[in-house]
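Report on the following structure.
The values are calculated or read from the model by the stated rules, or taken from the named source; none is laboratory data. This one's a predicted model, so the numbers in the text were calculated from it and none came from an experiment. Virtual Cβ from ideal backbone geometry, glycine too; neighbours counted across all protein chains shown. Ligands, DNA and RNA are excluded from the accessible area calculation, which covers all protein heavy atoms including side chains. Shrake-Rupley method; radii C 1.70, N 1.55, O 1.52, S 1.80 Å.
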Amino acid sequence: MNRYLFMDTSALMHAPNELKELINDGAILVLCSTVLEELDRHKDNGSSEQKWRARQAFKLINNNPNSVKYIVDEVPNKFIVETLFYGFDLDQPDNKILYACYNFMEDNKNQVVLVTNDNGLVAKANMLKLPSMKLIKAQEEELYKGFIELFGTEEENDNKLYELMDSGTLHANEYVILHDTDTENESAVRWDAEAQEFVDIKYRTSKVKPLNIYQECAMDLLYNDSIPIKVIAGNYGSGKTLLSMKIMEEKIYTGLYDKMLLLRNPIAVDAIEIGALPGDFHSKLGHFFSPMIQYLTNDTMFDYKEAFDPKNEEAAKRRGYQLDMDIVQNLKGVSVDRTIVVLDEAEDLSLKLIKVAGTRIGRGSMLVMMGDIKNQTEDKYKYDNGLSAFIEQSKDEKLVGVIYLPMDVRSEMSKIFAELK
C-alpha cells in the first residue's frame with residue numbers, strides 16, 4: 001500500500017469510512033491548501049449535503065492528527081507548466097491539486113498515489129502519468145436500494161419530507177434516512193403507500209443491536225408483519241444474514257408459524273466441482289447452509305442431521321420449532337403454508353428460480369430474501385439476476401419491502417478483502 005494518499009476533496013467528502021480503514025493500516029493523508037479551502041467553502045456555503053459531508057471530512061482530519069500531512073500550494077514552476085502541464089489552467093482547483101500532487105511525488109518516489117472519486121481528475125492524472133485510485137466503486141444508479149437520504153437541519157429535512165410526500169416519486173415501504181447537519185443525529189421514517197404518510201421506524205428490544213441507521217431500517221422491515229415479503233440486500237459483512245436469521249428465529253416463537261424453511265442454490269464459488277458427497281440429502285447439502293444456521297441459538301446446529309431432519313422430533317422439541325432446508329429447484333409443485341421461508345444468496349438465482357420460490361409461498365407464510373446483488377457467484381446470473389429483477393418489478397407492491405445495507409460491519413480485516421478488485 002502507498003504510504004502517502006494525496007487527497008482530492010471528493011474522496012475526503014464521500015469516503016470517510018474507507019479512509020479510516022486506510023489510516024488504521026498506516027496510510028498518511030496528504031492535504032494541500034487548495035483542498036482545505038474547498039472543504040471550508042463547502043462547509044460554509046454548500047448545499048445541506050455538502051455541508052454535512054465537509055464537516056465529516058474535517059472530523060476525520062482532526063481526529064487523526066498523526067496521520068495527516070499538510071502542504072502549502074507552491075507557485076507554479078514555469079518550466080514544468082510549459083512542458084508537463086502545458087494547456088492546463090492552473091487557476092482551476094483540480095489542476096492546482098494535480099500540480100501539488102506532482103511536486104509531492106517528485107520528493108516521495110513510489111510512495112504516493114492521488115486519491116479521488118472524480119472521473120475527470122482520474123483522466124487528467126492518467127494523462128500526466130500520475131498514479132491514482134478511487135475509493136468508492138462506481139454505483140449502479142439504477143439499483144433500487146429501498147431508501148433515500150436527506151441532509152439538512154431538522155427544519156430543512158421536514159420541508160424535504162413534505163416535498164417528497166407530494167412528489168409522487170416514493171415507492172411502497174421506502175425508507176427516508178434523515179441526517180441532521182446541526183446535531184449530526186440520524187433517524188429514519190418509512191413511507192406507508194396505503195395510508196399515504198410517513199411512519200416512524202420501530203424495532204423490538206432484541207438480542208440483536210443495530211450498528212448503523214441502515215440496520216435500524218432493516219430491523220424495522222424484518223419485524224413488520226404487514227410486509228410479508230422482505231428483501232435484505234447488501235455488501236459483504238453488512239449483517240444481512242445475521243439480522244435476518246436472528247429476528248426470524250424470534251418470530252417463529254410467536255406460534256404463528258409451524259416451521260422455518262431455509263433455501264439456497266447450492267453452487268460453489270467459481271462453480272468448482274468437489275465431486276460426489278457421502279450421506280443422505282441433508283448431509284450432502286447441509287454445509288451450504290452453515291452461513292445461516294451459525295446465527296441460530298442451538299449449539300447443535302452444525303450437526304446437519306440434527307439441524308434439518310424433519311423426522312427428528314426430539315431435536316425439534318428441544319429447539320422449539322421444526323427447521324428444514326431445501327434447494328429452490330425442488331419446490332416446484334409444493335405449497336408452503338404457515339412457514340418462515342428464508343432464502344439466502346438470492347443473487348445466485350435466475351428470475352425463473354425466484355418465481356419458483358415465490359410462487360410456492362402459501363397462506364400465513366413469510367419470505368425473507370438476502371443477497372449481494374453486485375457479487376454473483378456465477379457469471380451466468382449476471383444478465384439474468386432474479387433478485388435484481390424482483391426488486392425492480394416489485395418496489396411498488398405494498399406487501400414487499402426492500403433495504404440495502406451498504407456498510408461492512410463484520411471486521412476491519414474483512415473489509416480489506418471485500419475491497420479487492
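At the residue level, ASP200 shows approximately 110 square angstrom of accessible surface with a 1.4 angstrom probe and all protein chains present.
Computed with a 1.4 Å probe on the full set of protein chains, the accessible area for LYS202 sits at about 150 Å².
Largest first, the residues ILE148, ILE403 sort by 1.4 Å accessible area into ILE148, ILE403. Across the protein chains, with a 1.4 Å probe defining accessible surface, the residues ARG319, ARG360 rank ARG360, ARG319 from largest area downward. Once the Cβ-Cβ distance of GLU392 and SER167 is raised to the sixth power relative to R0 = 30 Å, the FRET efficiency obtained is 0.95. Surface listing: ILE391, ILE229 arranged by accessible area from highest to lowest gives ILE229, ILE391, probe 1.4 Å.
Backbone N atoms of the stretch 43-69 closer than 16 Å to the 7 Å Cα→Cβ label point of ARG3 belong to residues 66-69.
Once backbone amide H atoms are built at 1.01 Å from N, ASP73 has SER33, THR34 as its partners under 5 Å, excluding neighbours fewer than 5 places away on the same chain. For the stretch 87-178, with all protein chains in place and a probe radius of 1.4 Å, 46% of the accessible heavy-atom surface sits on carbon or sulfur.
Taking a sphere under 9 Å around the Cβ of ASP94 and counting the other residues whose Cβ falls inside, with K and R at +1 and D and E at -1, yields a net charge of 0. Applying 1/(1 + (r/R0)^6) with R0 = 45 Å to the Cβ-Cβ distance of GLU37 and ASP225 gives a FRET efficiency near 0.30.
Across the stretch 55-172, Cα pairs under 8 Å and at least six residues apart give a relative contact order of 14 percent. Label separation (LEU211 vs ARG318): 3.1 nm, computed from points 7 Å beyond Cα along the C-beta direction. Each label was represented as a point 7 Å from its Cα along the Cα-to-Cβ direction; for ASN103 and GLU197 these points are 6.1 nm apart.
Extension gain, VAL68 to GLN92: 0.36 nm times the residue separation minus the Cα-Cα distance gives 6.2 nm. Take the Cα of GLU184, go 7 Å toward its beta carbon, and the backbone nitrogen atoms of the stretch 1-35 under 17 Å from that spot belong to 12-21.
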